[in-house]
Amino acid sequence: MQVDVLLNNKDFNKYTASAIKFWSKKKKRKFNQMDIFLYAGLFFLLLFYLLGSNLMLNWIDFFAGFVTGTILILMVLNEQKKILEPKENGFVFGPTVYKFTDEGISIRKDNNESFTRWDTVEKVFDAKEYFYIFIDHNLAYIIPKRTFLSPEKLQEFILLLNQFVPGKISNK
């Protein structure tokens, strides 16, 4: 079976959101060493500021610092997002042809060809609009369901996945 895929930025963002849900454990986040240093540093900074100004907090300075710090954090997060976003015609975006055979998955792009054996597939996540075929804990082939032109083709693909990766398909 051959599937032609053209991914866009929206597809990648949905993959990222789904992947985070898929990877994350339902555990509460614990403090780590960096959190302790950060809170200790902020505490001492505020303490010395208060001691230096006769224990009176200047709310205008506090608010200005808070707003400035928030803007700086948002700028850093935005830059990180740009760094993590794939190139326009790199490995993620652009036309991709997936060929599903008895041996595995053949992937062909304008600038790359690769092959993945079925035993390499760790899990398949069946999301609302996509199939994510994970070949590592943080790397997946993204197959939008819109690429299947009929419900019969979609069902054929699901049967193929069940045949070659039984017990590895999840929708949670």
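The values are calculated or read from the model by the stated rules, or taken from the named source; none is laboratory data. None of these values were measured; they are calculated from a predicted model. Positions of Cβ are generated from backbone atoms using ideal geometry, with glycine treated the same way; all protein chains shown enter the neighbour counts.
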Extreme residue, farthest from L159 (Cα to Cα), among residues of the range 98-113 that are loosely packed, with under 13 Cβ neighbours inside 10 Å and modelled with pLDDT under 90:
N111
Selected residue [in a helix (DSSP H, G or I) and either farther than 30 Å from I142 by Cα or modelled with pLDDT under 65 (or both)] from L74, L51:
L51
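Looking at A127, A140, which is the one that is in contact with a helix residue (DSSP H, G or I) (Cβ under 6 Å, 6 or more places away or on another chain) and either of a type outside the set (V, I, T) or surrounded by 11 or more Cβ atoms within 10 Å (Cβ to Cβ) (or both)? Don't jump to the end; show me each part of the working.
On the way: A140 fails: in contact with a helix residue (DSSP H, G or I) (Cβ under 6 Å, 6 or more places away or on another chain).
Only one candidate passes the filter, namely A127.
Going by what's in this entry, would G65 be described as over 23 Å from the mean Cα position of the chain (by Cα), at pLDDT 75 or above and surrounded by 12 or more Cβ atoms within 10 Å (Cβ to Cβ)?
Numbers: over 23 Å from the mean Cα position of the chain (by Cα): yes; at pLDDT 75 or above: yes; surrounded by 12 or more Cβ atoms within 10 Å (Cβ to Cβ): yes.
Yes: the conditions hold for G65.
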Just checking, does the range 128-147 include any residue being β-branched (V, I, T), in a helix (DSSP H, G or I) and under 17 Å from L7 (Cβ atoms)?
yes
Breaking point among (1) within 23 Å of the chain's Cα centre (by Cα); (2) more than 22 Å from P95 (Cα to Cα); (3) surrounded by 15 or more Cβ atoms within 10 Å (Cβ to Cβ), for T120
(3)
What pairs come up if the first residue lies in the range 160-172 and is surrounded by 13 or more Cβ atoms within 10 Å (Cβ to Cβ), the second is in a helix (DSSP H, G or I) and modelled with pLDDT of 80 or more, and their beta carbons are under 7 Å apart, counting only those six or more places apart or on different chains?
F164/W118; V165/W118; I169/L161; I169/N162
Filter the range 148-172 down to residues that are in a strand (DSSP E or B) and either within 17 Å of M1 (Cα to Cα) or touching a Pro at 6+ places or on another chain (Cβ under 6 Å) (or both), then give me how many there are.
0
